[in-house]
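Participant: One structure, as structure tokens, below. Some questions next.
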Amino acid sequence: DTGNDEQLYECPMCSLTCTNIQILQEHVDLHLEEHSFSEGGNMRDLELAQWLQNEEDNRQRSEEEKREREEFKKLQRQYGLDNSGGYKQQFLKNMEKEVDRGKMQPFEYHKRKADMMECLAFGIDDGKTKTSGVIEALCKYYENENKDVRHVWLSTGVDHFHSSLGDRGWGCGYRNFQMLLSSLLQNSSYNDCLRDITLIPSIPKIQSMIEDAWREGFDPHGASHFNNRLHGSKAWIGACEIYSLLTSLRIKCQIIDFHKPTGPMGTHPRLFEWVLHYYSIDNEGSAKVVCTSKPPIYLQHQGHSRTIVGIEEKKNKTLCLLLFDPGCPSQEMQKLLKQNSDGTSLRLLRKFVGSLKEKQYQIVAVDGVLSLEEKAARCHASQVLTSEKIP
């Protein structure tokens, strides 16, 4: 009431005062229309935001799936599971490249091809990458070495095999098995297990032997990783495949898993201590050089494997592994055969604690012969195989 008998009307939404009820009604209707439009706009904005988010999620999912497919194909190529051929195909392809570059004469190509085909037909290694007599040369060297080595323990005789044109880049596991087998063939204790093996098998033959072990029932989980097929591929193998193959031959062995560093700076002193125990347990004494009857040890880590053929104990008590590396060519290994060596070539073999800094290592160590019953039990156990872990 204005005091002039004029009726006033107040807007319930914004407190605006009107003198006419119709004007107030129109004013309130505008409020309601504005509110309705705002709500509808908010809903449209929300729907648009959700659509945009869904589109972004779909795009990211598509890119992630593409990355996963590319990574899977990369891993297949890296580990030889991309159906690009195996030892034979790679050998021929690399020889053709050598001819194209003028590094190999055509007549040599045809001769080496014929030799390779013959070896593959018989399932034997051609021996062209083999170096024999290194362990014997090491024994002679250490007997005359008077500087810093207090004791050294060496495996029984081991031939070194290095990668060839046919397996370069992926054959280390097979070459290390050849090294281990070369030692076992020189040990009469394993004659019965290896009576069907008189010569070192070729890589394709080793692949077939692993497939035979899988068919017997060894390591079905590992076999499935390779789709139960190795022959004709460039597939990498590791400790589990070596274990399965050896056990199928009734050779007693064990996998030891050094699953984390046990020393400062990511080192593995427990691995060195285990190897020392392996070689010295039956060979304790004061002799400086101990040529044991122990087979070499298969050593695996991510991306590579090597063969442990001995261990040094320095006068300051530090330990040093002696390793045969399949990546080391014959011409370098043959330097170790010189009896008057000053020891510089030993750098090819020596690995101190600070040199092994991979996150994990596995070893396969041979220790005797299995009975048929023990083999059957291990075959069953391998179906749920968990390797022993060093804490």
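The values are calculated or read from the model by the stated rules, or taken from the named source; none is laboratory data. Bear in mind the structure is a predicted one, so any value in this text is a computation, not a measurement. FYI the Cβ positions are ideal-geometry reconstructions off the backbone, even for glycines, and counts take in every protein chain you see. Surface areas here come from the heavy atoms of the whole protein model, side chains and all, with no ligands, DNA or RNA. Shrake-Rupley method; radii C 1.70, N 1.55, O 1.52, S 1.80 Å.
Participant: Picking from VAL28, VAL99, VAL134, which is most flexible by a Gaussian network model of the chain using Cα springs under 10 Å?
Facilitator: VAL28
Participant: Same structure again: Go ahead and set up a Gaussian network model of the chain, Cα springs under 10 Å, then flag whichever of LEU336, LEU246, LEU24 fluctuates most.
Facilitator: LEU24
Participant: Take each of the peptides 263-272, 247-256, 172-181, 57-66, average the number of other beta-carbon atoms within 10 Å over its residues, and list them starting from the highest.
Facilitator: 172-181, 247-256, 263-272, 57-66
Participant: Per residue, how many Å² of accessible area does the range 159-294 show with a 1.4 Å probe?
Facilitator: Details: 5380 Å² over 136 residues.
Heavy-atom accessible area per residue stands at 40 Å².
Participant: Would you list, by chain and number, the aspartates and glutamates whose Cα falls below 14 Å from the Cα of LYS93, excluding same-chain residues fewer than 8 positions away?
Facilitator: ASP167
Participant: Using just the C-alpha positions of the chain as equal point scatterers, what log10 of I(q)/I(0) does the Debye formula give at each q in 0.13 1/Å?
Facilitator: -1.14
Participant: With all protein chains present, how much of the accessible area of the range 225-340 (probe radius 1.4 Å) comes from carbon and sulfur, to the nearest whole percent?
Facilitator: About 49 percent, which is the carbon plus sulfur part of the accessible surface.
Participant: Given charges of +1 on the Cβ of Lys and Arg and -1 on the Cβ of Asp and Glu, with all other atoms neutral, how large is the dipole of the chain about its Cα centre, in debye to the nearest 20?
Facilitator: Details: 49 positive and 56 negative charges, 871 e Å.
My answer is approximately 4180 debye.
Participant: Give the aspartates and glutamates whose C-alpha is closer than 14 Å to that of LYS147, dropping any in the same chain fewer than 8 places away, or say none.
Facilitator: GLU312, GLU313, ASP342
Participant: A further question on this structure: How far apart, in nm, are two points set 7 Å out from the Cα along the Cα-to-Cβ line at GLU136 and at ALA377?
Facilitator: Using points 7 Å along Cα→Cβ, the separation is 4.0 nm.
Participant: By DSSP, what percent of the beta bridges with both residues in the chain are antiparallel, rounded to the nearest 5?
Facilitator: Restricted to the chain, the bridges split so that about 85 percent are antiparallel.
Participant: Let me ask something else. Using alpha carbons only, how many angstrom separate the centre of the range 193-229 from the centre of the range 238-288?
Facilitator: Answer, in whole Å: 22.
Participant: Taking θ as phi - 60°, what are the ³J(HN,Hα) couplings along the range 286-296 by the Karplus curve (6.51, -1.76, 1.60), each to the nearest whole Hz, with x for Gly and Pro?
Facilitator: 9, 5, 6, 10, 10, 8, 7, 9, 6, x, x
Participant: Same structure, new question: Rolling a 1.4 angstrom probe over the protein heavy atoms, how many square angstrom per residue are accessible across the range 88-153?
Facilitator: Ligands and nucleic acids excluded, the figure is 61 Å² per residue.
Participant: On to the next question. Working with all protein chains in place, sort THR19, THR131 by solvent-accessible area computed with a 1.4 Å probe, largest first. Spell out each step's value before the answer.
Facilitator: Values: THR19 75, THR131 5 Å².
Putting THR19, THR131 in descending order of accessible area: THR19, THR131.
Participant: Taking H placed 1.01 Å from N in the peptide plane, check which residues at least 5 places from ALA365 or on another chain put their amide H under 5 Å from its amide H.
Facilitator: GLN254, ILE256
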